[in-house]
Amino acid sequence: MRNSRAMQKVEHNVAMLLRETLGQAPEKMFWYCQFGFWVFICLVSFALNLWFQQYDPSYYLHNILQSVIGLLLSILLQKSFIHIWYRSNRFRISVGFVLIIIISLVWTLARMILFNVLTHEEDIWWNFGGWYFSGIFIYLCWTAMFHGLMYYQLLQREHQILIDSQHQIQEEYVKRVEAQTIAKEAQLKMLRYQLSPHFLSNALNSVNALIEMEQGQLAQRTVVNLSKFLRYLLDYDPDSRVTVEQEISALMLYLDIEKVRFGERLSIELTIDDQAEHGLIPSLLFQPLVENSIKHAISKSEDGGTIFISVIKSDSSLVIELSDMCTDIDQQHSTSQEKQNRSIGMDNTRSRLETIYPNRYSLTFDASEGSFKTCIVIPFELAPPTKMSNTG
């Protein structure tokens, strides 16, 4: 499907650029051939003068002037040919032949009158047919030269357009490969982080503590959540996209595991627009942002804090806002260092958004006293019905 659209785009670009080529003034090569053609006609006329022993300068002046007039009339013929270029072949041949007859007649009359004035030879009109026939033959040769140059020019232009289009397609392919590579690297980094001894140690220690406290049911639920969350990480590649509903479900599994460790210190407030639930977003988009909040805010606060997550549909965009609120974090650290600390963790998110939505996304963040807010705006794309399934 993509290849078909790409080829249609290439063909459309070729057609448009060829039309532009026809509408432009002739290129240098045409002018070189144009002057060369009429200089050749002039030299042939000089040779005929020598053959007929016409040595008077007026004959040579006549040859020069008739070539100049012929060049000017050929420019008019060239403009007419371009004007009817996209008509049917039958129309072009018919009109072209009529134009050649008319232009040849005008050129023949002009050069015969000029010959009469310059050389004072009056008895020339009896040979009007010979002059006229030579004029028709010369303009037929000029027409052949013109069409040969035009088709050569269009062929070269089309070849260059196809090369440029092929290069553009290759660049897009390279970008897709780079996007997939970055996504795979992001997945590996995410898995290494999530499956690190620190994360597993905290999760398992929490389960162990629940068992020692004889809270077996909660311990069992934590193990199940951990299993489901790890399965989600393995099942959904970061270069794929899931619905907001699926991503929130997976995020809640992660937060349920963390809430076992933080207890009441960690609270979540979700605001999900009904119209946004089935919008597509990159998988594992929320999790590194939430990890930043837990690492740089919740875990450093004695009283804990609240993570606010909002997803709304605004016109043709999906607006995602994630913020955390802690009241007992040092103000100077919140404002001056927090942006730098958090930006390191969001470099991967920015790279993924750039590869998936090049020049079509927005990622901003702002730190204030006891709070850090991240805002992501991406194009809204509705998931097909087959993808509208909850994470199991």
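The values are calculated or read from the model by the stated rules, or taken from the named source; none is laboratory data. Because the structure is a prediction, the values reported are computed rather than measured. Methodologically, a virtual Cβ is constructed for each residue, glycine included, from the backbone with ideal geometry; neighbour enumeration extends over all protein chains shown. Heads up: the accessible areas ignore ligands, DNA and RNA and are worked out on the full protein's heavy atoms, side chains in. Shrake-Rupley method; radii C 1.70, N 1.55, O 1.52, S 1.80 Å.
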- Query: So who's got an amide H within less than 5 Å of the one on Ser240, skipping anything under 5 residues away but keeping other chains? H placed 1.01 Å off N, in plane.
  - Reply: Ser283
- Note on the structure: Taking 0.36 nm per residue of separation between Ser201 and Cys141 and subtracting their Cα-Cα distance, the length gained on full extension comes to 12.7 nm
- Return the carbon/sulfur percentage of the accessible area of the range 213-328, one whole number, probe 1.4 Å, all protein chains in place. 45
- Item | Chain lengthening between Phe91 and Asp273 when straightened (0.36 nm per residue, less Cα-Cα) | 59.3 nm
- Can you give the extra length, in nm with one decimal, that the chain gains between Phe128 and Ser227 once fully stretched, where that is 0.36 nm per residue apart less the Cα-Cα distance? 25.5 nm
- Query: So which chymotrypsin sites (Phe, Trp or Tyr not before Pro) in the range 65-147 are both in a DSSP loop and have at most 11 other Cβ atoms within 10 Å of their Cβ?
  - Reply: Tyr86
- Task: When a/c is below 1.5 the answer is rounded, else prolate if a/b is larger than b/c, else oblate, so apply that to the range 43-88 with a ≥ b ≥ c taken from the square roots of the Cα gyration tensor eigenvalues.
- Result: prolate
- Note on the structure: Under the 7 Å Cα-to-Cβ spin-label approximation, Val98 and Val68 lie apart by a distance in nanometres of 3.2
- Task: Calculate, for Leu155 and Leu114, the FRET efficiency according to 1/(1 + (r/R0)^6) with r their C-beta to C-beta distance and R0 45 Å; round to the nearest 0.05.
- Result: 0.70
- Message: Using 26 Å as the Cα-Cα cut-off, could you pick out the over-long pairs in Lys313/Lys373; Lys175/Lys295; Lys259/Lys373; Lys228/Lys313; Lys228/Lys300?
- Response: Lys175/Lys295; Lys228/Lys313; Lys228/Lys300
- Say R0 is 51 Å: what FRET efficiency, to the nearest 0.05, do Leu76 and Asp164 get from their beta-carbon distance? 0.90
- Query: Excluding ligands, DNA and RNA, what is the solvent-accessible area per residue of the range 50-196 at a probe of 1.4 Å, expressed in Å²?
  - Reply: 63
